[in-house]
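Structure, as structure tokens:
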Amino acid sequence: MSETATPRPESAQLDCPECHTSITYYDVEDSEYYACPNCHAYFRWSGEETPKVFGNYKDAPKTSPVLPLGILGLLDGALYRVVGLTSRCEANHPQYSWREYQLLQPETGRYVQLAEYDGHWTLIWAASHLDKNREDFKLPDFRIFNKYQSRINWALGEFDWDIESDQSLYVTEYVNPPLLLVQEKRGRESNWYRGRHVAPEELATAFNISRSALPHTEGTGMAEPAPGSRSWPALWTLTGILIAALLLTQLLLAVRTGSPVLSQTIQVEPNTTATAAPGTGRVLVSPSFALDHQTALDIELNATLSNQWLELPVSLVNEQTGRGFEFTKNIEFYSGVEGGESWSEGSREVEAVLSRVPAGRYHLNFYPFTEKGVSPEIKVTVWANPALPSNFFVVLALILLVPGFQLLRRHWHERRRWANSDYNPYATEE
Amino acid sequence: MLENLLNFLRPVRLYALLLLLPLAWFAWGTATGTRLLGDDNESTETLNAPGTGGHGHAGRGLYFHK
């Protein structure tokens, strides 16, 4: 591991002790363990005459890995070469397996790892004095994701340590997407590693390979950032500002409404003419009121009904033009006591909104129809410039549409992430 | 401070422009006295009030004039 004044040789060759294939290796000074890419024999060689063969990874694939041994790539501004690859699985759950590529920085001899699971990639490096002061790697900000011991399925390439000895490591992973922390413990020895999510597109660019050559992603990666993470704070800040402005406007509109333009109580009287149907009331006419500009009108009707109903067609008539707006409201209110408990149904009060009523002088006509012998009073209140809360809620819903959609996407993204964890916070909900 | 806020909101500037549509709709509803989801008016004569020119006296007989 010592630094020498002479430049590091870029690569060297050795023969596989089993199949005698010539193997190119790159960490000429430090590599000691090798897995033959041809016959998959795993052996140690550190310059002695006869390498020591430990076994053979029979499960190794015959095809070339996604990132072939020897390929160069540029990650985080540094040049790395793929020199080794291991396939591992959890000791207790062998169905969970992943790949770890050993990346050597030729200039410095520094190693990092690229791990791939279900098409999701993470770059992992040993915590060192070089980045110990980074504020974004504080353990309290991270959540425990997984604890396991690993087993080697197969390996290719060169290593500067005995990869089989990793079986005695206890690994704990913590995540704070897109970052992760990994603790490896063996006895009292503990080593920390740091990592970050690497998007497949970034990886394809870094190694100058096609995105389609990389494995398809399934589910959510352990440290994969949620969708829209970059714009998430800005999105909610913008939403907050707009909602505050909308709320303020709505309050100002409510204050603007002021006093009613008409407030009158009218009495329903039976129409006693021979042609009138039973229950028909006389046509009632309200006092006039003026509107000095186009506005909406909010018309409140409150009838003194008790176990009665009233059908009330109403027309708003412009006294200059004769133009009219009309609406019909059915008012009914029933109440009583049954089994010692009081009940009520319906309401004595109804409301109607008329939009875009032009300036002018108006009155209201009422054409009541009710039960025979019923003559309720109707309190009529007309408000000009109502605040129209439905307008507020419609626009509020539109403003919240995209943030709400993003919230849902992020929620499902998180659920998929934690579905791969033994510490799934959503597990109790399922 | 405003400059910092604008810089902070930069990632959502296009979305902010899109949001001008519902805000403009709200402003139009307020300015014209329009209930955006429709009102209770059942008169065919004034359904498009106040720009209903051309309907003449249709429906006039429905009303009782003072």
Query - Which numbered condition residue A:88 fails, given (1) part of a loop (DSSP other than H, G, I, E, B); (2) modelled with pLDDT of 90 or more; (3) touching an Asp or Glu at 6+ places or on another chain (Cβ under 7 Å) - result: (1)
Query - First in segment A:378-404 and crowded, with 18+ Cβ neighbours inside 10 Å, second anywhere and of a type in the set (Lys, Arg), Cβ under 9 Å, 6 or more apart - result: A:385/A:256; A:386/B:35; A:387/A:256; A:388/B:35; A:391/B:35
Requested in this report: Pull up segment B:10-45, narrow it to residues that are β-branched (Val, Ile, Thr) and at the interface with chain A (Cβ under 7 Å from one of its Cβ atoms), then point me to the one that is farthest from the chain's Cα centre (by Cα).
Outcome: B:12
Query raised in the report: Is there any pair linking a residue in segment A:156-171 that is part of a loop (DSSP other than H, G, I, E, B) to one that is of a type in the set (Phe, Trp, Tyr), with Cβ under 8 Å and at least six apart or on different chains, and which?
Result: A:160/A:33; A:160/A:111; A:161/A:33; A:162/A:33
Report task. Restricting attention to segment A:37-71, report how many residues are without any contact (Cβ under 8 Å) to a residue 24 or more places away in the chain, part of a loop (DSSP other than H, G, I, E, B) and within 21 Å of residue A:161 (Cβ to Cβ). Result -> 3
Query raised in the report: How about segment A:274-316: which of its residues are under 20 Å from residue A:347 (Cα atoms) and either within 14 Å of another protein chain (Cβ to nearest Cβ) or hydrophobic (A, V, I, L, M, F, W, C) (or both)?
Result: A:298, A:299, A:300, A:301, A:303, A:305, A:309, A:310, A:311, A:312, A:313, A:314
Report task. May I ask you to list the residues in segment A:363-387 that are part of a strand (DSSP E or B) and closer than 24 Å to residue A:257 by Cα? Result -> A:363, A:364, A:365, A:378, A:379, A:380, A:381, A:382, A:383, A:384
**Report entry** Residue satisfying condition, being closer than 28 Å to residue B:31 by Cβ and out of contact with any Lys or Arg (no Cβ under 9 Å at 6 or more places or on another chain), within set A:257, A:295, A:275, A:280
**Finding:** A:257
Query raised in the report: Within segment A:72-84, is even one residue part of a loop (DSSP other than H, G, I, E, B) and surrounded by 15 or more Cβ atoms within 10 Å (Cβ to Cβ)?
Result: no
Query raised in the report: What tally of residues in segment A:167-205 results from selecting those that are buried (at least 17 other Cβ atoms within 10 Å of the Cβ), more than 25 Å from residue A:94 (Cβ to Cβ) and β-branched (Val, Ile, Thr)?
Result: 1
Query raised in the report: Quick one: is residue A:260 within 14 Å of chain B (Cβ to nearest Cβ), at pLDDT 90 or above and at negative phi?
Result: no
Query raised in the report: Does residue A:357 meet the test of being farther than 21 Å from residue A:265 by Cα, touching a Pro at 6+ places or on another chain (Cβ under 9 Å) and among the aliphatic types (A, V, I, L, M)?
Result: yes
Query raised in the report: In segment A:398-415, is there at least one residue being farther than 30 Å from residue A:260 by Cβ, assigned to a helix (DSSP H, G or I), of a type in the set (Val, Ile, Thr) and not assigned by TED's automatic domain parsing to the domain that holds residue A:307?
Result: yes
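A quick yes/no check of all residues on (1) of a type in the set (D, E, K, R); (2) under 24 Å from residue A:390 (Cα atoms):
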site	(1), (2)
A:269	yes, no
A:273	no, no
A:279	no, no
A:316	no, yes
A:319	yes, no
A:322	no, no
A:357	no, yes
Query raised in the report: Take the residues of segment A:1-36 that are of a type in the set (A, V, I, L, M) and not in a strand (DSSP E or B): which is modelled with the lowest pLDDT?
Result: A:1
Query - Odd one out for residue A:236 among (1) away from every other protein chain (no Cβ under 11 Å); (2) touching a residue at least 12 places away in the same chain (Cβ under 8 Å) - result: (1)
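The values are calculated or read from the model by the stated rules, or taken from the named source; none is laboratory data. Keep in mind that what you see is a predicted model, and the values were worked out from it rather than measured. Backbone-built Cβ (ideal geometry, glycine too); neighbour counts: all protein chains shown.
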